[in-house]
Amino acid sequence: MLSRVANSIYWMCRYIERAENVARFIRVNLNLLLDMPSEQGKHWEPLVLITGDQDRFEDLYPSYTQESVIRFLTFDREYPNSILSCLEAARENGRSIREIISSEMWEHLNTFYLELTDPKNQTLALEDPQGFFKFIQMRSHLFTGLMDSTMSHGEAWNFARIGLMMERADKTSRILDVKYFMLLPDADQVNTPIDNIQWMAVLKSASAFEMYRKEHHLITPRMVAAFLIFDEQFPRSIRHCITKAQICLHRISGSPNGSNTNAAEKLLGRLKADLEYTDIDEVINQGMHEYLDNLQTRINLAGEAIGTTFFNNKALVEMTTSEQ
Amino acid sequence: METFSSYDPGNFYDELIEPGGTPRPGAQLLVDKIESLPPGDLAMRQKAAEALLLKMGITFNVYGLEEGTEKILPFDIIPRIVPRNEWQQIESGLKQRIFALNEFLQDIYNDKKIIKDKVIAEELILSSRTYRKECEGFTPPRGIWCHVTGTDLVRDGDGRFYVLEDNLRCPSGVSYVLENRQVLKRTFPQVFEASQVRPVDNYPSKLLEMLEFLAPDHCPHPTIGVLTPGTYNSAYFEHSFLSQQMGVELVEGRDLVVSDGNVHMLTTKGLKRVDVLYRRIDDDFIDPEAFRPDSMLGVKGLIAAYKAGRIAMANAPGTGIADDKVIYSYVPKIIKYYTGEDPILANVPTYICSNDDEKAYVLENLDKLVVKAANESGGYGMLIGPHASASERALFADKIRSEPRNYMAQPTLSLSRVPTIVGDRIEGRHVDLRPYVLYGKDIYVQPGGLTRVALTKGSLVVNSSQGGGSKDTWVL
C-alpha cells in the first residue's frame, strides 16, 4: 500500500487513542476530587505533567485550575494534543484515506468531530464533565470497534493497530512515571499495602483497577507498577501493547516472529524480549524513573523506525537516484 | 404543497411540461405520481434525499471559504427527463464532436494540416494560454488525447440543444450523477422502474476499461492510479469515489516519484511502478520540471516519462487548446474539416473579440450578451450583460479592449427550465446538461449526465460555486 496511506491510518489511530486517554485522565481526576476536595489546588497540575506539555500550558494559562486545565486539554486548538486537535488531526487523516477505511468508520469519525465542535458540547464539558468525558471515551471505543468489525484485517488495519498500541504503551508509561513518585511517600514502602484512593486512581487512569483487583487483591506500589508494565493479558500494560504491535509488524512484512527484516522489527523485537525477561524487582533496584524514562525513549525510537521503514521512502529514493 | 395544478411553465421551454400545461409524454408517469402524493409528502421525500446525501458525505469544497469548507451540492428530487429520440441525437452529436476534437489535437501538435489549409490561423492557436509547445511532435498512446470529456449543453427557447462549451481537461461532476441516481432510486422507485430509465452505473467500469486500454501492450494487469491534488481540492470527494469504485489507487503528487525514467508509487514495500494515471491535476501543476516550477502538487519528471512512453495518462497534456473558448467558435469548421460531415449538435453563435468587427459589435451590445474569458471555468470571469450593472459592464469593456484575444461573447440564451421544489411550491428553474464522454477503444456517452440547475429565481448561472444545484437526468 501507499506509504502516505499507511502513515495516515497509523496517525489517525494514534490520535483517536490519544484523545481517549486524555478524556480518561480527566474523568479519573474529577472522581478523585470528589473524594478529596481539600486538595483541589494540587490536583490539576499532574494531569498536564503526564502530557509532558507543561511549558506550553504555562505560556497560555496563569494557573492550574480545573477550568483552565479542562479547556487546555479538551478544546484548545492552539495545543496540538488537546482532544479537539487530536480529533481534527484524526479526521483530516481519515479524510485523506476515505477510500481505504470503511464508510462506517469515516461517518463515525466525521460525526464525532462535528459533535465536538458544537458549542453546546463545549458548555457541557464544564457543566457535566463526567458525562461529557464519558461520551468522548465511548465514541473512541466505538471507533476502534468499527475498525475491527467493518474493515478487513489486512495491511492497512495492521498499521492502524500498531498506531493504537504504540500510543497506548506510551501513555501507560507516562501515567506510571508521574504518579509513582508523587504517591510513594518513602521508597521503603514499596511493598506495603497502601490501599488508598490515590493508588486506585492510578489504576483507574489506565482502566486497570478492576482487572488488577482480580489478579492481585491488595494494592502495593510494587504490584501496581508490575501490573501496568509487565502483565501479559491486561490490554493497556506496556508489555501487552508492545507484543501486539510487534505481531502486526510481522504480519505486514511477512517475516517470521523471532527474526527481523528491518530496523522497526529489530527495535520492537528487542523491546518485547526485554519486557518478557525483566521483573519488577530489577526495575525497582535500577530506579523506576530511570527505567520508565529509558522505556519511553525506546518506544519513541521504535516509532521513528516504523516511520523511516514504511512511511518516508522518499528520502531513500532521492539518495539512490542521486548516486546513479 | 401546491403541485403541478398551479405550475406555470412561463415563456420558456419546459423540460417536463408542454406550453398548455400537460406533461410531456415521458414525464406523464412522474407527474401523476407527484400529483397523487398526500400533502407534505414531496417535501418529506426531498428532506430524506438531502439527509441521505449528508450522511454519505457527498460534499464539495468552495474556494475562498475558510471555515466549514465542505458543502453539500444542493439537490432537487424532481428529475429532468430526456426522451429517447432527443438523446440519440445528443449521443451521435457528441461522438462526432469528440472524435473531431481528438483529430484536431493530434493534427495541431503534429502535421498542422488544418493551419496549412487555412481553416484556423496559426496565430490563434499559438496565442492560446492552453497551447502546449511541449506536446509538439508527440502522439499519445493509442492516438487518444481527450479520454474524458464533459460537454455542456443547453436547450434554447426554440427547443434545440446547443453546445455551450467543451471541457476537455479535467471535467468534474460525474460522481454526482452516480450518487444522485442512488438517491433518486429510493425516492421514486416505482416511477423509476416503470419509466425504463437507462442506467448510468456502469460509468466506473467503462472508465476503468478505457484506462486499461491505454496501458502498454506488455502490461496485461496494469497498475492504475487516480492522481488528485489532495483533500483540499473542490472535487476531492469525486477523486476518492472514482478510485474506490474502480478499485485503483488514489495517489497525490507526493506519492509518486520518477526513477530510472519510470513512474513509481512509494509504498510500504518500496517502489511500485505505475502504468496508467487518470490525472485530475491541471497541466500547469502536473510537473514542476515541464510546466509551473512552483507547483507543489505535481511530480517532477512525469512529463518526460510520459513522452518517453513509460506511462499513459488521461487526459493527455495539451487538450486545453481544444476547449479554449475562442477555438470553440471554430468547432463546427473543425468537425467539417476532419469528418466531412455537418455538425449534428450546433454551437451557440459566438463573437470573437480578437476580430475587430465582432469586438465592436460586442462592445456596443454588452447589455444583451454573455461575455466569457477564454480560459476560465466554473462560472468565474464571466459577464451576464442583461443582469449586470453599468459599472460591471464598463469594467468588462475595459478588459475586452486591453486583451481582446482573451474574450468571446454569446447572445443571452433563454435556457430551458425544469420544475423544481422551492419552499412549498414547484417553480421552473433554468438548467443545463453535462453528459460525460469516454474515448477509449470506442467512444462511450454515459446515458444521462449532470443536470445543473440555477436555484435562484431567474438566474442563468448553474455552477456549484455560484449557487447552483443538481438534478438526476433520466434518459428513457
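Among (1) at pLDDT below 90; (2) within 14 Å of chain A (Cβ to nearest Cβ); (3) outside any helix (DSSP H, G or I), there is one condition residue B:295 misses while meeting the rest; what is its number?
(2)
Since residue A:121 meets every condition but one in (1) in a helix (DSSP H, G or I); (2) modelled with pLDDT under 90; (3) in the same structural domain as residue A:295 (by TED's automatic domain parsing), which condition does it not meet?
Just one mismatch for residue A:121, condition (3).
Return the residues of region B:129-175 that are in a helix (DSSP H, G or I) and either at pLDDT 90 or above or touching a Phe, Trp or Tyr at 6+ places or on another chain (Cβ under 7 Å) (or both); say none if nothing qualifies.
If the condition is that a residue be in a helix (DSSP H, G or I) and either at pLDDT 90 or above or touching a Phe, Trp or Tyr at 6+ places or on another chain (Cβ under 7 Å) (or both), then B:135, B:141, B:142, B:143, B:174, B:175 are the ones that fit.
Hey, does region B:339-358 have a residue that's at pLDDT 90 or above and in a helix (DSSP H, G or I)?
Yes - at least one qualifying residue is present in region B:339-358.
Do the conditions hold for residue B:289, that is, is it more than 10 Å from chain A (Cβ to nearest Cβ), of a type in the set (Asp, Glu), in contact with a helix residue (DSSP H, G or I) (Cβ under 9 Å, 6 or more places away or on another chain) and under 24 Å from residue A:8 (Cβ atoms)?
Answer is no for this residue.
Any idea which of (1) assigned by TED's automatic domain parsing to the domain that holds residue A:307; (2) touching a residue at least 24 places away in the same chain (Cβ under 8 Å); (3) within 30 Å of residue A:288 (Cβ to Cβ) is the one residue A:188 doesn't satisfy?
(2)
Residue B:428 fails exactly one of the following numbered conditions: (1) assigned to a helix (DSSP H, G or I); (2) crowded, with 21+ Cβ neighbours inside 10 Å. What is the number of that condition?
Result: residue B:428 fails condition (1) only.
Which one of the conditions (1) away from every other protein chain (no Cβ under 14 Å); (2) within 30 Å of residue B:248 (Cα to Cα); (3) at pLDDT below 90 does residue A:1 fail to meet, given that it meets all the rest?
It fails just one condition, (1).
Out of A:257, A:313, A:300, I need the residue that is at pLDDT below 90, closer than 21 Å to residue A:158 by Cα and away from chain B (no Cβ under 14 Å). Which one?
Step by step, each of A:257, A:313, A:300 is checked, and only A:257 is at pLDDT below 90, closer than 21 Å to residue A:158 by Cα and away from chain B (no Cβ under 14 Å).
Mind listing whichever residues of region A:264-295 are hydrophobic (A, V, I, L, M, F, W, C), touching a residue at least 40 places away in the same chain (Cβ under 8 Å) and either more than 14 Å from chain B (Cβ to nearest Cβ) or in contact with a Gly (Cβ under 7 Å, 6 or more places away or on another chain) (or both)?
A:275, A:280, A:283, A:284, A:288, A:292, A:295
Is there a residue in region B:433-455 that is in contact with a strand residue (DSSP E or B) (Cβ under 9 Å, 6 or more places away or on another chain), surrounded by fewer than 23 Cβ atoms within 10 Å (Cβ to Cβ), farther than 24 Å from residue B:323 by Cα and in contact (Cβ under 8 Å) with a residue 60 or more places away in the chain?
yes
Are any residues in region A:142-161 over 19 Å from residue A:89 (Cβ atoms) and assigned to a helix (DSSP H, G or I), and if so, which ones?
Once the filter is applied, which keeps residues that are over 19 Å from residue A:89 (Cβ atoms) and assigned to a helix (DSSP H, G or I), region A:142-161 yields A:145, A:148, A:149, A:150, A:155, A:157, A:158.
Name the helices (runs of 4 or more DSSP H) wholly within region A:1-80 that hold at least 3 residues that are free of Cβ contacts under 8 Å to residues at least 60 places away in the same chain and over 27 Å from residue A:144 (Cβ atoms)?
It comes to A:54-60, A:66-70.
Within region A:89-105, can you find the residues that are within 12 Å of chain B (Cβ to nearest Cβ) and either charged (D, E, K, R) or in contact (Cβ under 8 Å) with a residue 60 or more places away in the chain (or both)?
A:91, A:92, A:93, A:94, A:95, A:96, A:97, A:98, A:99, A:100, A:101, A:104
Can you pull out the helices (runs of 4 or more DSSP H) entirely within region B:69-126 that have at least 1 residues that are within 23 Å of the chain's Cα centre (by Cα)?
B:84-109, B:122-126
Considering only region A:223-259, state which residues are outside any helix (DSSP H, G or I), polar (S, T, N, Q) and over 28 Å from residue A:189 (Cα atoms).
A:255, A:257, A:259
Kindly evaluate residue B:186 against the criterion of being surrounded by fewer than 20 Cβ atoms within 10 Å (Cβ to Cβ) and either in contact with a helix residue (DSSP H, G or I) (Cβ under 7 Å, 6 or more places away or on another chain) or in the same structural domain as residue B:430 (by TED's automatic domain parsing) (or both).
Spelling it out, residue B:186 is indeed surrounded by fewer than 20 Cβ atoms within 10 Å (Cβ to Cβ) and either in contact with a helix residue (DSSP H, G or I) (Cβ under 7 Å, 6 or more places away or on another chain) or in the same structural domain as residue B:430 (by TED's automatic domain parsing) (or both).
Is it true that some residue in region A:269-282 is surrounded by 18 or more Cβ atoms within 10 Å (Cβ to Cβ), part of a helix (DSSP H, G or I) and modelled with pLDDT under 90?
No, every residue in region A:269-282 fails to be surrounded by 18 or more Cβ atoms within 10 Å (Cβ to Cβ), part of a helix (DSSP H, G or I) and modelled with pLDDT under 90.
Kindly indicate whether residue B:29 is at pLDDT 85 or above, touching a Cys at 6+ places or on another chain (Cβ under 8 Å) and more than 14 Å from chain A (Cβ to nearest Cβ).
In short, no.
Among A:144, A:150, A:172, A:117, which is out of contact with any strand residue (DSSP E or B) (no Cβ under 9 Å at 6 or more places or on another chain), farther than 19 Å from residue A:8 by Cα and away from chain B (no Cβ under 13 Å)?
A:172
Just one of B:371, B:418, B:362 is over 24 Å from residue B:131 (Cβ atoms) and touching a strand residue (DSSP E or B) at 6+ places or on another chain (Cβ under 9 Å); which is it?
Checking each option against the conditions leaves just B:418.
The values are calculated or read from the model by the stated rules, or taken from the named source; none is laboratory data. Treat the numbers as computed from the prediction; the structure is a model and nothing was measured. Neighbour counts are summed over all protein chains in view; Cβ atoms, including those assigned to glycine, are modelled from backbone coordinates with ideal geometry.
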